[in-house]
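Peer 1: Take a look at this one; I'll ask things after.
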Amino acid sequence: MEDATLHVVTVSDPGPASASPGERRSAPSTRPDFQADVALDSALARLGADDLAVEQHVKTGEPAAEIVALARQVGADVVVLGSKGMRGAGRLLGSIPNKVSHRAPCDVLIVLTT
């Protein structure tokens, strides 16, 4: 895939509304996480994919909805995410991977995380 682009997305849930009218919560940081950048660069180097086009996205909202929206926006061929939240109570409440797998406009690969 010579023209492939890897889109890396980080989504922060905005959480509950402000406690009082007029109170402003600070916006989430739009600065990419340094440790994530280092891990991504290291993985790409190990794979020999130094020339792969990578775009990073920082979103705020409900994580599954934001991931699905971005997949639609960029015309993704596949969404890859970890299995976090797919065990125990999280599974019953609807994990992010489960929600994405049911809503995505493309294939979804859920990778086992420990």
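What follows draws every value from the coordinates through simple rules; no lab data is involved. Every value quoted in this text rests on a predicted model; they were computed, and no experiment measured them. Quick reminder, even Gly has a Cβ in these numbers, built from the backbone with ideal geometry, and neighbours come from all protein chains shown.
Peer 1: Could I have the simple spin-label model distance between Arg72 and Ser12, label points 7 Å from Cα toward Cβ, reported in nm to one decimal?
Peer 2: 2.5 nm
Peer 1: Using the Karplus curve 6.51 cos²θ - 1.76 cosθ + 1.60 with θ = phi - 60°, what ³J(HN,Hα) values do you get for each residue of the stretch 99-114, in whole Hz, with x for Gly and Pro?
Peer 2: Listing the rounded values in order: 4, 4, 4, 8, 10, 5, x, 8, 5, 10, 10, 9, 9, 4, 10, 10 Hz.
Peer 1: Once amide H atoms are placed 1.01 Å from N in the peptide plane, what residues at a sequence separation of 5 or more from Ser12, or on another chain, have their amide H within under 5 Å of its amide H?
Peer 2: Long-range HN contacts for Ser12: Lys59, Thr60, Gly61.
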